[in-house]
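The values are calculated or read from the model by the stated rules, or taken from the named source; none is laboratory data. Keep in mind that this is a model prediction, so the values were computed, not measured. Cβ atoms come from the backbone with ideal geometry, glycine included; neighbour counts cover every protein chain shown. Side chains are part of the model used for accessible areas, which takes the heavy atoms of the whole protein and leaves out ligands, DNA and RNA. Shrake-Rupley method; radii C 1.70, N 1.55, O 1.52, S 1.80 Å.
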Amino acid sequence: MKPLPCINNEFTGAIIRDTDVVWLSFPRYDSPSVFSSLLDEEKGGHFRIESKVVSQEYVVPNVVSTKLKDGSEIIDLLLYGDHGIVRKIRANSELKVDLSPSFYYGRNGAKVKKVTDKVFRFFDNGTDFLEAHFLFDEVKYDGSWYVKGEGYIYLGYFSDERFGIYGKNVSFNIERGFDRTMNYWKNLMKRERGKGKVAELKIGNLTGDKLLDAYQNSVGMLLGLMYNPTGAVVGSPTTSLPEVEGGTRNWDSRYAWVRDSSAVAEALIATGYAQEARRIIEFLSRMVSFVSKPFMYSLYSIDGSLPPKEIEIPWLSGYKGSSPVRIGNDALALIQLDLEGSFMNAFYKYYEATGDDNYVKNHADILEYVADWISDNWKEDDVGIWEERDTKAQNVHSKVMAWVALDRAGKLMKAIDRDNPWREARNEIKEWIMDNGVVEGKFVKRIGGNEVDASLLTLPLYGFIDVKDEIFQATLRQIEETLSVDGLLKRYKQDSLGECIYPSTLSSLWLARIYIKLGRLDDAKLILEKILEVGDGFYLVGDKINVKSKEFLGNYPNSYAQANLVMALEEIAERESAEDKGKKGENNNNKTS
């Protein structure tokens, strides 16, 4: 998929192609869609303004401006605190609006009821409905709508007749809501910490404003993908965008993965949003079970419940014919032993950034339970980070993350003057990995095999081993030799579904971060350049990447990859800044000697 703008309001998200809202679910990320033409052009419904697009860009993250050939402009956003989308239009000539929602993932085309000349309702056989307000001096309607001049189109979701706006004796000011939503995002983005250093970077042809856009849009996207009522972060606002066009690797990502959410928290902490990161950590803390595995499930619905059973939607053809289209996700049934380490690392990063002893004390029972459980169960098999549904094994990355969980638990207990009873188990895990997870001088993906995978790149990122250690260096060389494609990196060679064809954006960003640690900045920049070139303009990233066609594959945008893009930009900016200071110091010393 060519890069498209995504807008969010911490409730739900929309994807816009040119002037058409091609994906939007109401009222939540994991609700049924009302526009899904991204997955089926004929049945998915449209919210399209007919004109030729000249340019499109973010005004500020989660607010998109589209310039049209006749000089007209559309500004799109999802209202803060409301289940509604607003399109502010400055129409220099009469513009035709095609508004044709299709409820429940395109199964039920909407029936239209004209309430007034400017208010319309769309409904199917249920009680919920959409209410559209065309706030222009003059509106024409003949099955489509025609508007001219400056005004707004508001489309809101309501669960039943009690909650519609029309006819209620309450204030209803879309202009005010639009402006305040715009200001909300502008004010939120002022807190970014790394803008100055990122602005000084040069990555290929990208400098200054473009790199700031990449940084700011990424941070804004991570903040927007947080479900405000709970602090959960969705893996992506979309479902069933294929990892391979025409293939069956089509999954629903509109849920909160423990691992992905922890990475988002880490990225937000790095960029100065520790309080927002704390909300993510708090959500994850509330998911910890005291009766079994702390994170019994790898993903949760955004309200903390379990996602629905995975089913197929046969009436949608899928993105470019890629079927099946799925909703729900059965990956929650898979046992994954790396989750607790991801969570504990994010928790420790929060403590490092804030020194908040009281927060650690208030969660000590959770931290202790996680560490106790890992100490007793780290030897179990699991499916690993890649969620290979038919393969349980002793995965090295999972064992390393068990070590991370106990390492961070010990450090957090030390911070509040408590004992660390897990030191011996932590050391035992490391010894076991070094004895069993190293084959022919390199780390391997799983015990009993000889293959490497991209998850092994995280070992230095989590401090398990030094990036210059001989064993890791041998591992890195093997990864570079066997998994590189067009300068980027695949997750692994193949799994039970077949060959892994396209590079993974996440894996490639891990490699860039390793290069930064090694001081190989030119190599890191080359990876970032390839990814940012594909995301040109919006700089949002998908799960997989086809460098040759300059397209992303898989659900989009992908919060796990987006978080690592933020961290890579932060780290390379920090490294270059430190090197520049070192050179200036040397020059000053030379002048005085």
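Just checking, how many residues over the stretch 222-259 are within 9 Å of the chain's Cα centre (by Cα) and either of a type in the set (Ser, Thr, Tyr) or part of a loop (DSSP other than H, G, I, E, B) (or both)?
5
If I ask for residues that are more than 25 Å from ASP76 (Cβ to Cβ), modelled with pLDDT under 95 and surrounded by 14 or more Cβ atoms within 10 Å (Cβ to Cβ), which ones from the stretch 205-230 would you list?
Across the stretch 205-230, the qualifying residue is only LEU206.
In the stretch 144-153, is there at least one residue being touching a residue at least 40 places away in the same chain (Cβ under 8 Å) and under 31 Å from the mean Cα position of the chain (by Cα)?
Looking for residues that are touching a residue at least 40 places away in the same chain (Cβ under 8 Å) and under 31 Å from the mean Cα position of the chain (by Cα), one finds at least one in the stretch 144-153, hence yes.
This table checks each residue for (1) more than 24 Å from ASN555 (Cβ to Cβ); (2) open to solvent by less than 40 Å² (accessible area, probe 1.4 Å); (3) modelled with pLDDT of 95 or more; (4) of a type in the set (Phe, Trp, Tyr).
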| residue | (1), (2), (3), (4) |
| --- | --- |
| LEU4 | no, yes, yes, no |
| ILE7 | no, yes, yes, no |
| ALA14 | no, yes, yes, no |
| TRP23 | no, yes, yes, yes |
| TYR58 | no, yes, yes, yes |
| SER65 | yes, yes, yes, no |
| ASP98 | yes, yes, yes, no |
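Any residue in the stretch 562-583 that is open to solvent by 20 Å² or more (accessible area, probe 1.4 Å) and under 24 Å from VAL59 (Cα atoms)?
Within the stretch 562-583 (the criterion being open to solvent by 20 Å² or more (accessible area, probe 1.4 Å) and under 24 Å from VAL59 (Cα atoms)), the answer is yes, since at least one residue qualifies.
Given the options ARG162, ARG176, ARG191, ARG180, name the one that is part of a loop (DSSP other than H, G, I, E, B), basic (Lys, Arg) and open to solvent by 20 Å² or more (accessible area, probe 1.4 Å). So that I can check it myself, show each step before the final result.
Details: ARG162 fails: part of a loop (DSSP other than H, G, I, E, B); ARG176 fails: part of a loop (DSSP other than H, G, I, E, B); ARG180 fails: part of a loop (DSSP other than H, G, I, E, B).
That would be ARG191, the only listed residue that is part of a loop (DSSP other than H, G, I, E, B), basic (Lys, Arg) and open to solvent by 20 Å² or more (accessible area, probe 1.4 Å).
Hey, among GLY44, GLY71, which residue is modelled with pLDDT of 95 or more, of a type in the set (Gly, Ala, Ser), open to solvent by less than 30 Å² (accessible area, probe 1.4 Å) and not in a strand (DSSP E or B)?
Details: GLY71 fails: open to solvent by less than 30 Å² (accessible area, probe 1.4 Å).
From the options GLY44, GLY71, the qualifying one is GLY44.
Quick one: which helices (runs of 4 or more DSSP H) sit completely within the stretch 445-518 and have at least 3 residues that are in contact (Cβ under 8 Å) with a residue 40 or more places away in the chain, open to solvent by 10 Å² or more (accessible area, probe 1.4 Å) and more than 23 Å from VAL547 (Cα to Cα)?
Filter on the stretch 445-518 gives an empty set.
Scan the stretch 19-29 for residues that are under 18 Å from PRO242 (Cα atoms) and in a loop (DSSP other than H, G, I, E, B) and jot them down.
Result: no residue meets the conditions.
Filter the stretch 314-333 down to residues that are open to solvent by less than 20 Å² (accessible area, probe 1.4 Å) and hydrophobic (A, V, I, L, M, F, W, C) and give me whichever is farthest from GLU42 (Cα to Cα).
Looking at residues that are open to solvent by less than 20 Å² (accessible area, probe 1.4 Å) and hydrophobic (A, V, I, L, M, F, W, C), I get ALA331.
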